[in-house]
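Each remark here refers to the structure printed beneath this line.
The values are calculated or read from the model by the stated rules, or taken from the named source; none is laboratory data. Just so we're clear, the structure is a prediction, and the values are computed from it rather than from any experiment. Don't worry about glycine lacking a Cβ; one is built from the backbone with ideal geometry, like all the others, and counts go over all protein chains shown.
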Amino acid sequence: MFNSIFSFQGRIRRLEYALSWVIYYIYSSMAYFILLSFGLIDQMIIHMKFMDIKIPNNVLDSPIVMMVYLPVLWFMITQRAKRCHDRGNSGWFQIIPFYGLWMLLADGDTGPNDYGDNPKGWDYDDTDEPKNNFLE
């Protein structure tokens, strides 16, 4: 699990995809609060009729902020592309709205596909019965 996390090659399971989202949110939250405490970003509140939205005011102004967030953004783009590969699709499918939720819920292709072997480690013979290679 989590092999070549910055590479677009290969396939990942739903568990690794879900854990990638957890890592993303934890890292982003910690980075946001650290940058906010050092005064590198401000918090601006936009008042709308039905909700308050908090948007960082000068996120793109600081190269330090970009250096902190770019690795985690690259990590998520590659993990989403690998999950698309497990579903038998191109990595570009991740830009479809709500497809990320579908990748979390739907099972991947059985057996090897164009993007690599099954990440579950199962081989399929002519009878379409899974053989677990982990037990052999």
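Before moving on, here are some points about what is shown:
- From the options MET76, MET67, MET30, residue that is assigned to a helix (DSSP H, G or I), modelled with pLDDT of 90 or more and more than 30 Å from GLY121 (Cβ to Cβ): MET30
- Scope segment 103-118; condition surrounded by 12 or more Cβ atoms within 10 Å (Cβ to Cβ) and under 18 Å from the mean Cα position of the chain (by Cα); matching residues: MET103, LEU104, ALA106, GLY108, TYR115
- Selection of first residues in segment 107-120 that are at negative phi and of second residues that are part of a loop (DSSP other than H, G, I, E, B) and among the β-branched types (Val, Ile, Thr), restricted to Cβ pairs under 6 Å at least 6 apart or on distinct chains, gives the following pairs, ordered by first then second residue: PRO119/ILE12.
- Looking at ASN89, ASN118, just one residue is under 25 Å from GLY10 (Cβ atoms), modelled with pLDDT of 85 or more and not in a helix (DSSP H, G or I), and that residue is ASN89.
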